[in-house]
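Notes follow once the structure below has been shown.
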Amino acid sequence: MKNSKNLRYGFTTGSVAAFAAKAAACDLLLGFIPKDISVMTPKQIPYSPSYKNPKRGIVEVRKFAGDDPDVTDGMTIRAIVSVESVSEEQKKETTLIDRETEDTDFQRSNKSDYKEISSSDNSEGGVIVAIDGGKGIGRVTKPGLDQPVGNAAINHVPRQMITENVLEVCKAADFTGKINVIIEADGGEEIAKKTFNPRLGIVGGISILGTTGIVEPMSDEALVDTIRVEIHQRSVLGEKRLLMAFGNYGQEFLLEDYGIDLDTAVMCSNFIKDALTIAADEGFKEILLVGHLGKIVKVAGGFSNTHSKYGDCRMELLTSALLKSKADCTVDDARKLSQMNTTEEAADFLAEKGYLSDVMSVIMSEIHDTISRWIPDVEVHLMIYTVNQRLIGRD
């Protein structure tokens, strides 16, 4: 529970997958699932959800995201566990994993999915835990992500959680050999379309994620982590210049008028300082920042986050820029501008009065002043627009 706002924590897909895998392994190797079964999250919070056990070695858990608006909330995550004995030679071979619930074999395409525990690491003897994704779990098609190309999009912390919990069961059952764990997510392919996965090159389903095992409500950190992953991927792919945007607002005119497709941009949302700093840390030396006036004008005022909860000084900034750039403007015009409700309305008014170009020169200069304090060694270019006036500032 998040005490200050009385919001409930949830659990990550990684925690859900680890619990399902442990319970399925218990069912298969021990013949029962203990009543008090749980997994310990990396944040040292135990997780013991309700579950279904439709078949031997199969456990289903419904994900609970707490009060976070997580698109995977309520999804059924399934673990399918099977075993086989192996020789030393077979440990080095690629194998097929045959699942009773599907007609299709899933071929191991990357040996990094295997984690071998030798006798010196496990007193019960050699055990291989082979983890893969099945129906509804995405597969990595581009470099720069947590997993190599070809692997199921099950990140390293969930893999570690699954492995450790399954090994615990293997030890209790005195099992030696290979244990296969397939993770599935019902509806994962459709749900993934609402996530960043298609942009990141993860196809066919959701990712199994989590570093702490816990979902914090409305987590800014999680959003920034997503931005960080996307920027890092661009760097790994060898891109030298970065296109960054606050969102898709105005996308149509940018594509039609300037050939700029915001689908190819890194979306920084409200986290402008974080995104620019990450880009600088990743080695980018040139950035084109595209933004609607309503968002980007806040950077002129020094805002590192453009969310309205941190304040709204848009009209004050525009009015100040008007007074700086047009000493002959009337008091009535300045007052009217300061009382306007939207930046669309403000830009229309400034254009009608012939002030817009001069005002935008001041605003852009102030934006550059702010950004140069954050990332002094990066060349940042600006494109600022409104829907009605189209492009109103560019350098």
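The values are calculated or read from the model by the stated rules, or taken from the named source; none is laboratory data. The structure displayed is predicted, hence computed values, not measured ones. Reconstructed Cβ throughout: ideal geometry from the backbone, glycine too, with neighbour counts over all protein chains shown.
Numbers for the structure displayed
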quantity: Test: residue in region 29-36 that is in a helix (DSSP H, G or I) and surrounded by 15 or more Cβ atoms within 10 Å (Cβ to Cβ); calculated: yes
quantity: In region 177-212, the residues that are modelled with pLDDT under 95 and either in the same structural domain as residue 229 (by TED's automatic domain parsing) or polar (S, T, N, Q) (or both); calculated: 195, 197, 211, 212
quantity: Any hit, region 198-216, residues being without any contact (Cβ under 8 Å) to a residue 60 or more places away in the chain, over 13 Å from the mean Cα position of the chain (by Cα) and more than 30 Å from residue 46 (Cα to Cα); calculated: no
quantity: Helices (runs of 4 or more DSSP H) contained in region 244-342 and holding at least 1 residues free of Cβ contacts under 8 Å to residues at least 12 places away in the same chain and of a type in the set (D, E, K, R); calculated: 251-258, 272-281, 331-338
quantity: Number of positions in region 256-277 that are in contact with a strand residue (DSSP E or B) (Cβ under 9 Å, 6 or more places away or on another chain) and within 22 Å of residue 307 (Cα to Cα); calculated: 8
quantity: Of all residues making up region 267-277, the number that are surrounded by fewer than 22 Cβ atoms within 10 Å (Cβ to Cβ) and β-branched (Val, Ile, Thr); calculated: 1
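Results for (1) crowded, with 16+ Cβ neighbours inside 10 Å; (2) in contact with an Asp or Glu (Cβ under 9 Å, 6 or more places away or on another chain); (3) more than 30 Å from residue 220 (Cβ to Cβ), shown as yes or no for each residue.
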position: 312; (1), (2), (3): no, no, no
position: 318; (1), (2), (3): yes, no, no
position: 325; (1), (2), (3): yes, yes, yes
position: 329; (1), (2), (3): yes, no, yes
position: 333; (1), (2), (3): yes, no, yes
position: 337; (1), (2), (3): yes, no, yes
position: 353; (1), (2), (3): yes, yes, yes
position: 365; (1), (2), (3): no, no, no
